[in-house]
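Read through the structure below, which is laid out as structure tokens, and then see the notes.
The values are calculated or read from the model by the stated rules, or taken from the named source; none is laboratory data. Note that the structure is a prediction, hence the values are computed from the model and not measured. Here the Cβ positions follow ideal geometry from the backbone for every residue, glycine too, while neighbour counts run over all protein chains shown. For accessibility, only protein heavy atoms count, side chains too; no ligands or nucleic acids. Shrake-Rupley method; radii C 1.70, N 1.55, O 1.52, S 1.80 Å.
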Amino acid sequence: MLERIRIVLIGTSHPGNIGATARAMHNMGLADLSLVAPRCEPITAESVSRASGADHLVHAARVVGTLEEAVADCTLTVGASARSRTLPWPMLSPREVGDRLPAELVEPDARVALVFGREDSGLTNAELQRCHAHVHIPTNPDFSSLNLAAAVQVLAYECRQAWLTSEPADTDEPTNPDQVLASHAELEHYFAHLERTLVAIGFHDPAKPRQLMARLRRFTLRARPERMELNILRGILTETEKLAPPRDD
Ligand code: SAH
């Protein structure tokens, strides 16, 4: 279970935090680290020293340009946030994240991503809206922001506790291919198709977005659609696009 949990750091600016994250992960038995557009050199004397023996995770880290690339194959994406945002999103406590993991990771292809933001500005709203749920570590409300690697440590600890206390999965049950959850990449293709279609039929004006796409994202992500269900929805969108009036532009 633990090897299918990915820690994703976005726009990290201090190599020491990358090393300390690797240490926190290795202490808890996690090994899958992705760095999205780091704002520093990931492998430095400081990151290696702060990893204190877990620098193999820093060397093995995948470096990518966007969150989409980092989590394309993930079936559950949870964004860690120190602050509440304008559009409320499903919120989990660190313990609730852990509690969900054994069931989320029964399928061998399932992947869970825990996404962490920049030291100075956290995660953007657009990044948070690409996550199924948000996790907030309950802290002193007057001083709520943890050091990045400390936040990773808390979540990694909950992952390990969940793994230690979980029952072994019943692997005899054959997987029904219809019931495979849609991956992040499949969901993003659907959202792009949905937005295109809503523009084509004149329902959505990107110049006046009024959080329409954010609300539709929240609704769809809450439903946890299966791949088959998303294919049906995309089929409906394709037929709807054919009926859309021709546009002058
Ligand atoms: N100053 C930033 C916080 C940056 S801390 C802000 O105001 O948003 C760096 C990252 O650590 C955050 O993006 C978040 O992913 C994680 N983090 C820090 N404190 C957290 C908390 N209390 N709960 C959940 N995640 C937290």
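Table for the structure above
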| read-out | value |
| --- | --- |
| Subset of the range 61-70 (residues that are open to solvent by less than 20 Å² (accessible area, probe 1.4 Å) and under 15 Å from residue 123 (Cα atoms)) | 67, 70 |
| Where residue 85 falls short, out of the listed (1) more than 16 Å from the ligand (Cβ to nearest atom); (2) assigned to a loop (DSSP other than H, G, I, E, B) | (1) |
| Candidates 110, 149, 126 - the one that is over 10 Å from the mean Cα position of the chain (by Cα), in a helix (DSSP H, G or I) and within 15 Å of residue 184 (Cβ to Cβ) | 126 |
| Test: residue in the range 114-123 that is away from the ligand (no atom under 16 Å from the Cβ), in contact (Cβ under 8 Å) with a residue 40 or more places away in the chain and either of a type in the set (S, T, N, Q) or not assigned by TED's automatic domain parsing to the domain that holds residue 212 (or both) | no |
| Residue within the range 228-249 that is open to solvent by 50 Å² or more (accessible area, probe 1.4 Å) and in contact with an Asp or Glu (Cβ under 6 Å, 6 or more places away or on another chain) present | yes |
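Residue-wise test of (1) buried (at least 17 other Cβ atoms within 10 Å of the Cβ); (2) farther than 15 Å from residue 151 by Cβ; (3) assigned by TED's automatic domain parsing to the domain that holds residue 107.
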{"site": "9", "(1), (2), (3)": "yes, no, yes"}
{"site": "17", "(1), (2), (3)": "yes, no, yes"}
{"site": "36", "(1), (2), (3)": "yes, yes, yes"}
{"site": "44", "(1), (2), (3)": "no, yes, yes"}
{"site": "49", "(1), (2), (3)": "no, yes, yes"}
